[in-house]
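Asker: Just passing along the structure, written as structure tokens.
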Amino acid sequence: MAVKLSLANYRTDLHNDWCPGCGDFGILSAIQMALADLQIEPHRVAVFSGIGCSGKTPHYINTYGIHTLHGRALPYAIGAKLANPELTVLIAGGDGDGLGIGVGHFVSAGRRNVDITYVLYDNGVYGLTKGQASPTLQRGLKPKSLPKPNINDAVNPIAIAICSGYTFVARGYAYDTKHLKELIKKGIQHKGSAFIDVLQPCPTYNDIATKEWFGGEDRIDPATKKPIPRVYKMEDEGYDGEVRDPSEAAEKIQAAIMKSFEWGDRIPIGVFYRNPHIPSYEERISSRIPEYLENYPAKQVIMDANNHPTARIEDILNEFRIL
Amino acid sequence: MGLDKISWMIGGAQGTGVDSAANIFSRAAASCGFYVFGKREYYSNIKGEHSYFSVVLSNSKVRSVMDEVHLLATFDSETVVRHAWEVVPEGGIIYDPKLTSEKITNIPTIEKVVKARILEQLKKEGLGETVGDVIEVAKRNGVRLYPIPYMDLLRRLGDRLGGLQLSTLARMTNVMAVAASFTLLDLDENKLHDAIRHIFKAKAKIANMNIEAAKDTMEYMRESFAGDFTYKFKPMEADEERYLINGTSAVALGKMVAGCRFQTYYPITPASDESVYLEDHEVFPVEADAATLADNPHQAESEELNGRGSIVVVQTEDEIAAITMATGAALAGARASTATSGPGFSLMAEGLGWAGMNEVPVVVTLYQRGGPSTGLPTRHEQADMLFTIFAGHGEFPRLVIASGDIEEAFYDAIKAFNYAERYQTPVIHLLDKNIANSTMTVGKFDYSNVVIDRGKLITYWNPDNGEYKRFLFTDDNISPRTVLGAPNGVFWNTGDEHDEFGHITEEPTTRVRMMEKRMGKLETADREIPDSERVILHGNLDSPYMIVSWGSTKGPILVAMEYHSRTGLNFAFAQVKLLNPFPAKFLEHLLPRYRMIISVEQNYSGQFAQLLRMRTGIKVDSMIVKYNGRPFSFSELRDTLKKAVETKQPKIVTSTGA
């Protein structure tokens, strides 16, 4: 590549209308930084999103940006990736989008293990519709817009992702952009479905899981007089979610799910689980259509110079021939 | 009037080989030289419920089934009880004499209301309540009876072949019923053997066993009933290639030719067969001749691929994923489609709107079945038409094209993709159960003159022309379209209103221009698509009676028209194929010439008649409708068209078919 791509190559000049202090800004920067680090040309990237504040992400990134329907970003993204497996495909979606209205697609996508990277903006509320409870809000909590405490239990995005078949499952924190950037890079480089749950404080509607709360500002270490952050990096404590041999998979999955229930005083971020031994959907297709990766659907030549079809169905038609 | 059609029927419990038997019969009869049309009727059930297959044979093209049955082939009680009534005088019933003592009330799969009706009729005849009593009624009506002692013949066959259990052999009664039919119709035994081999091509042993059973049956029939059956005539020698194909396979083949390389689906009757067929044929030859290749950036690589094309078929988690995934693939530049039926299409409405909003060429193949809700899952109806035209909230363009028969379905499948890419909008290809599950003899699908029109598709944007705008305002309202991955072609999509780049806007003047751009594409389509592609005229156009219709009613309408023309009652028939944009101007000119306009369609409310009035102000004089889940038969339209002319009744409802 002749010219080195800089962060500016991944930015658009649109006015960004997220609330000041929104965690979304950190995620947006992390995505742009990851793409710049990996030097993937903008036209080779497609970012898909659903509905909600997170849904606007593609408009702020100078790559193909597809802002889809509520809860449906995954099937759109998968369709694009399977039609052109050379694309780098990212999904940016909210917790309500992916685990509420779109949860059927979320689970089903895991079964396929298509080579995509899904970044979940996880803030416990439906921000754009004024703060209703989202599927990741714990029961009994009452962020300021709720008239009554949340009546539903929360889902565990990490555990669902692992049990659904995602082969790279991680959690990041929107205010630790550098760490998040590295997770996104690892997700993109992973050959299979990568899921990154991002703790993303909503400064307007979630007055419980705030930046201050994640940062532990309510609990000052008497010795150092500094806050004791709730968020910590698992890798710093020797946690290793990598499946190095297929025989380890069950054990690693169990450990990751156990880890995913850690919440409250200590909230782990980093890679919970990665299994590179499960074939991607693209590899599964290739086992049936040997030329798939070289001659994928979007690449096939379907007509000749006279605009006549190139497909030849005579052999197949013979199955039906009578006379 | 001489006999020009033979109507044959076979029935039995689902899972006992009714389909295989009908396929063998159809194929064998077609290879004798007959034109064939076959219709399958079945319950939403895996095993046990009654299914039947009607087949019409003729020496000229057959387009429809008829109510009258000339020869009824049975190997169970229920088929006799249900269908013996449909057999015409001098017609025949093939049956198992061992079953005649069975009481009708003991057949669990006949609905109570049907049993009551049949018992009432038997009572009127002064008869009892057994299968034999039903046969007695047929006999009184002059129907000829052909009892076959299936089990005796099979026992002898078992002895002859050695070592075979009677329970294994008993599975062949379906083929024996076909063989008996072949003897009565005096058709070539070798063609029957060939067809048996073809249908059981994966199981040579079973094929051979069935051929032996067929031979024994034919020998028995010749000895017992030589020359007895009168409804028969010789097939004429065919001088062209002929194919026997069903609707879902024809559409699948059309998609391959069209260049569809990505198909999604969620299992649903009767649409799934198309996707399963495509998946079964996911790799197929393409002609990658360097000299004739279009200007394609991937030409060189493609040439190395030994001429192999392929289609990726994905079974999705639901129909929402089916349409959105296909749309994603279309964004990446593949010709993409999904196939579904009414309930699935309901789920697709939001995705359809997104594709309309973002001008994505995606094709939805919709096989209508009986609605509403789950409705009649395995039965026929044409009640989704208005929904296809108006599905989705807000206003966005879409084209709706309806095929009249299996042959049209092949070519229309190709056309659907051309429309989609030319007008950058979703296209709904409207079919129905009657096309999906019927089989028909057709000539060779000739696609040598088919042209693929990719519209304003570009795979590269020259930055010298300025920044690329996906939704650039143009004179014909259609913008140059890049695809995901195209260099310099980056664009944005959103379901929100957007500017030319595809970024969200709520600015009112841009909103107005974008609405006009999107909806204006329909006007472009209306201007560009020739009338000949939109309306097909049949029959005697100088007649005072004009039939207007759409979809698979074409077959029985044409056959009924042909029947009446022999007695001097002529009809003209406008078959409307493009339902949106509606050929309003053309019909506004054409229809006022006629004294009487009769609409024919298979729904309760006369949806086409409503659409016609909405788009042209023209009100039909008589509406023939049917909504009992069974397609119009030729006989039914023969009678009701005449009735419409004679009585000028504004609405005629018909309901034949079991």
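The values are calculated or read from the model by the stated rules, or taken from the named source; none is laboratory data. Owing to the predicted nature of the structure, the values given are computational and were not obtained by experimental measurement. We place every Cβ from the backbone using ideal geometry, glycine too, and count neighbours over all the protein chains shown. Keep in mind that these areas ignore ligands, DNA and RNA; they rest on the heavy atoms of the full protein, side chains included. Shrake-Rupley method; radii C 1.70, N 1.55, O 1.52, S 1.80 Å.
Asker: Restricting to DSSP loop positions (anything but H, G, I, E, B) with no more than 15 other Cβ atoms inside 10 Å of their own Cβ, which trypsin sites (Lys or Arg not before Pro) remain in segment A:104-133? Write out the running numbers ahead of the final one.
Answerer: Working: sites: A:ARG111, A:ARG112, A:LYS130; in loops: A:LYS130.
Those satisfying the criteria are A:LYS130.
Asker: Which residues' amide hydrogens lie under 5 Å from the amide hydrogen of B:LEU457, considering only partners 5 or more residues apart or on another chain, with H built in the peptide plane?
Answerer: B:ARG481
Asker: Let me ask something additional. If you line up the long axis of helix B:112-124 against the longest principal axis of chain B, both from Cα atoms, how many degrees apart are they, to the nearest 10?
Answerer: So the inclination is approximately 40 degrees.
Asker: Cα atoms only: what Rg and Dmax, in Å, come out for segment B:5-225?
Answerer: 16.8, 50
Asker: Working from Cα positions, state the angle (0 to 90°, nearest 10) between the long axis of helix B:634-647 and the longest principal axis of chain B.
Answerer: Computed tilt is about 70 degrees.
Asker: For segment A:7-285, what does the alpha-carbon gyration tensor say about shape, rounded, prolate or oblate, given a ≥ b ≥ c as the root eigenvalues, a/c under 1.5 as rounded, and a/b over b/c as prolate?
Answerer: On the way: a/c = 1.44, a/b = 1.18, b/c = 1.21.
Because its axes are fairly even, with a/c under 1.5, segment A:7-285 counts as rounded.
Asker: Around A:TYR232, which amide H atoms from residues at least 5 apart in sequence, or from another chain, sit under 5 Å from its own amide H, with H modelled in the peptide plane?
Answerer: Correct list: A:ILE267, A:ILE269.
Asker: Rounded, prolate or oblate, given the Cα gyration tensor of chain B, with a/c below 1.5 counting as rounded?
Answerer: Working: a/c = 2.24, a/b = 1.65, b/c = 1.36.
Prolate is the answer for chain B, as a/c is 1.5 or above and a/b outweighs b/c.
Asker: Where both residues lie in the protein assembly as shown, what percent of DSSP beta bridges are antiparallel, nearest 5? List each step's numbers first, then the result.
Answerer: Working: 48 of 134 bridges.
Given both bridge residues lie in the protein assembly as shown, the antiparallel proportion sits at roughly 35 percent.
Asker: Still on this structure, I have one more. In degrees from 0 to 90, rounded to the nearest 10, what is the angle of the helix B:508-528 Cα long axis to the longest principal axis of chain B?
Answerer: Value to nearest ten degrees: 50.
Asker: List the GluC sites (Glu not before Pro) in segment B:79-183 that DSSP assigns to loop (not H, G, I, E or B) and whose Cβ has at most 14 other Cβ atoms within 10 Å. Which are they?
Answerer: Numbers: sites: B:GLU86, B:GLU90, B:GLU102, B:GLU111, B:GLU120, B:GLU125, B:GLU129, B:GLU136; in loops: B:GLU102, B:GLU111, B:GLU125, B:GLU129.
Taking segment B:79-183 and a limit of 14 other Cβ atoms within 10 Å, the loop GluC sites (Glu not before Pro) found are B:GLU111, B:GLU125.
Asker: Please work out the C-alpha center-to-center distance from segment B:470-501 to segment B:576-591 and express it in whole Å.
Answerer: Computed from Cα coordinates, the inter-centre distance equals 31 Å.
Asker: Then there's this: Does segment B:531-654 come out rounded, prolate or oblate, given a ≥ b ≥ c as the square roots of the eigenvalues of its C-alpha gyration tensor, rounded meaning a/c under 1.5 and, failing that, prolate meaning a/b above b/c? Don't skip to the answer; put the middle values down first.
Answerer: Working: a/c = 1.45, a/b = 1.20, b/c = 1.20.
Rounded shape, in that the Cα axes give a/c under 1.5.
Asker: Using mean Cβ contacts within 10 Å as the protection proxy, how do B:427-440, A:52-65 order, highest first?
Answerer: Numbers: B:427-440: 28.9, A:52-65: 26.5.
Peptide ranking by packing, descending: B:427-440, A:52-65.
Asker: Continuing with this model, one more query. Is any residue of segment A:290-323 close enough, with backbone N under 12 Å, to a label point placed 7 angstrom from the Cα of B:ARG308 along the Cα-Cβ axis, and if so, which?
Answerer: Once the point is set 7 Å along Cα→Cβ of B:ARG308, A:290-295 turn out to lie under 12 Å by backbone N, inside segment A:290-323.
Asker: Another question, if that's okay. Counting alpha carbon pairs within less than 8 Å and at least 6 residues apart, what relative contact order, in whole percent, applies to segment B:386-431?
Answerer: The normalised contact order for segment B:386-431 reaches 45 percent.
Asker: Still on this model: Over the protein assembly as shown, what percent of the accessible surface lies on carbon and sulfur atoms, probe 1.4 Å? Present the calculation step by step, with values, prior to reporting the outcome.
Answerer: Numbers: 18600 of 36490 Å².
Here it works out to 51 percent.
Asker: Taking 7 Å along the Cα-to-C-beta vector as the label spot, tell me the A:ARG139-B:GLU223 distance in nanometres, rounded to one decimal.
Answerer: Output for this residue pair reads 7.8 nm.
Asker: Another question, if that's okay. Hey, with R₀ at 41 Å, roughly what FRET efficiency would B:SER167 and B:ASN540 work out to, going by the Cβ-Cβ distance, to 0.05?
Answerer: Details: r = 58 Å, r/R0 = 1.41.
The calculated FRET efficiency here is 0.10.
Asker: Taking 1 over the mean of 1/r across every pair of different Cα atoms in segment A:6-112, what Kirkwood radius in Å do you get? Numbers along the way, then the final one.
Answerer: Numbers: mean 1/r = 0.0712 Å⁻¹.
It is 14.0 Å.
Asker: Could you sort A:89-101, B:52-64 so that the peptide with the highest average Cβ count within 10 Å comes first and the rest follow in order? Intermediate values should be presented prior to the final figure.
Answerer: Values: A:89-101: 28.5, B:52-64: 23.4.
Final packing ranking: A:89-101, B:52-64.
Asker: In nm, to one decimal, how far is the modelled label at A:GLU41 from the one at B:HIS589, with both set 7 Å along Cα→Cβ?
Answerer: For A:GLU41 paired with B:HIS589, the spin-label model returns 5.1 nm.
Asker: Taking 0.36 nm per intervening residue step and subtracting the Cα-Cα distance, what contour gain separates A:ALA223 from A:ASP240 on full extension? Before the final figure, lay out each step's value.
Answerer: Numbers: separation 17, 0.36 × 17 = 6.12 nm, distance 3.08 nm.
The span from A:ALA223 to A:ASP240 would gain 3.0 nm if fully extended.
Asker: Just going by the charge dipole of chain B, with Lys and Arg at +1 and Asp and Glu at -1 on Cβ, which of B:ALA258, B:SER599, B:VAL113 is farthest out on the positive end?
Answerer: B:VAL113
Asker: Something else: Explain nothing, just the number: relative contact order of chain B, from Cα pairs under 8 Å at least 6 residues apart, as a whole percent.
Answerer: Details: 1378 pairs, mean separation 76.4, N = 658.
Value for chain B: 12 percent.
Asker: I would also like to ask the following. Hey, with R₀ at 45 Å, roughly what FRET efficiency would B:ASP239 and B:ARG160 work out to, going by the Cβ-Cβ distance, to 0.05? Before the final figure, lay out the partial values.
Answerer: Numbers: r = 41 Å, r/R0 = 0.91.
That gives a FRET efficiency of 0.65.
Asker: Estimate the FRET efficiency between B:TYR43 and B:VAL512 by the formula 1/(1 + (r/R0)^6), using the beta-carbon distance for r and 51 Å for R0, to the nearest 0.05. Write out the running numbers ahead of the final one.
Answerer: Values: r = 52 Å, r/R0 = 1.03.
Using R0 = 51 Å, I get an efficiency of 0.45.
Asker: Can you pull out the buried accessible area for chains B and A, both sides counted, probe 1.4 Å, rounded to the nearest 100 Å²?
Answerer: Values: alone 27040 and 16370 Å², together 36490 Å².
Its buried surface, counting both partners, is about 6900 Å².
Asker: Okay, moving on. Report, in deg cm²/dmol and to the nearest 500, the calculated mean residue ellipticity at 222 nm for chain A, where each DSSP H run with n ≥ 4 adds -39500 (n - 2.57) and the sum is divided by the residue count. Before the final figure, lay out each step's value.
Answerer: Numbers: 9 runs with 85 residues, N = 323.
Calculated from helices alone, the mean residue ellipticity at 222 nm is -7500 deg cm²/dmol.
Asker: Give the average, rounded to an integer, of partner chain Cβ atoms located within 10 angstrom of each Cβ in B:311-318. Don't jump to the answer; show the numbers that get you there.
Answerer: Numbers: counts 4, 11, 3, 8, 0, 6, 10, 4.
Across the residues of B:311-318, the mean count of other-chain Cβ atoms within 10 Å is 6.
Asker: Right, here's the next one. Between A:GLU212 and B:VAL114, what is the label-point separation in nm under the 7 Å Cα-to-beta-carbon projection?
Answerer: 7.4
Asker: Under 20 Å from a point 7 Å along the Cα-to-Cβ line of B:ARG197: which residues of segment B:216-237 have their amide N that close?
Answerer: From segment B:216-237, the list is B:216-219.
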